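Heads up: the structure comes next, in structure tokens.
Every read-out reported here was derived from the displayed coordinates using simple, explicitly stated rules and does not represent laboratory data. The structure displayed is predicted, hence computed values, not measured ones. Neighbour counts are summed over all protein chains in view; Cβ atoms, including those assigned to glycine, are modelled from backbone coordinates with ideal geometry.
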């Protein structure tokens, strides 16, 4: 059974994500891109990953050792997401400024930023899987209201709803046992 790319994209769009701007120096310029394919990878050592498209201009500047930042956007920063995704149609661009975070440029005013160094770049089909070693972190001031992406649209969190999630840092590595009857 062949799956159509659009059907896959629509289905994976049901997984809500945050929105980030990845930024790095390339020569004397800062290059940045919007990404929602960002994930924590490891606590020991501290690593994260992001997945830029191979055809993205940003991807052409990637190399092991390159300092970069991952900047999580606030709910009111939708315009910056659109701008760094290449979809901005107005002039001038929305206001923004990059400031230092170690050797990487950090997007000022973001919800939080993580400074990294490219550790490894892995082929991932039409995208690269970029593994970054975490060097620094910076949490912005409140309110802590992230920009979310779900089914091709921006959303905000309803802070009135929700339940406490378990603290998995204290859970043993014992695998869960799942029992099912394949005949059922």
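Quick notes on this structure:
- Most mobile of 122, 22, 131 in a GNM of the chain (Cα contacts under 10 Å): 122
- Panel order for 17, 11, by other beta carbons found within 10 Å of each beta carbon, from fewest to most: 11, 17.
- Shape category assigned to region 49-124 from the gyration tensor of Cα positions, a/c cut at 1.5: oblate
- Of 106, 57, 97, the residue with the greatest mean-square motion in the GNM of the chain, using alpha carbon springs below 10 Å, is 97.
- When 33, 1 are sorted by how many other C-beta atoms sit within 10 angstrom of their C-beta, beginning with the fewest, the order is 1, 33.
- Helix content alone sets the calculated 222 nm mean residue ellipticity of the chain: runs of n ≥ 4 DSSP H residues at -39500 (n - 2.57) each, divided across all residues, give -2000 deg cm²/dmol.
- Anisotropy class of region 1-56 from Cα gyration tensor, a/c 1.5 cut: oblate
- Relative contact order computed over region 18-147 (Cα-Cα under 8 Å; 6+ residues apart), in percent: 30 percent
- Rounded to 5, percent antiparallel among DSSP beta bridges of region 5-64: 100 percent
- Ordered by the number of other Cβ atoms lying within 10 Å of each residue's own Cβ, fewest first, 19, 118 fall into the sequence 118, 19.
- Distance from the C-alpha centroid of region 1-41 to that of region 93-154: 11 Å, rounded to the whole angstrom.
- When the square roots of the Cα gyration tensor eigenvalues are ordered a ≥ b ≥ c, the ratio a/c for the chain is under 1.5, which makes its shape rounded.
- Residue with peak Gaussian network fluctuation, the chain [Cα springs, cutoff 10 Å], from 98, 159, 58: 159
- Efficiency of FRET from Cβ geometry, residue 117 and residue 39, R₀ 25 Å, rounded to 0.05: 0.90
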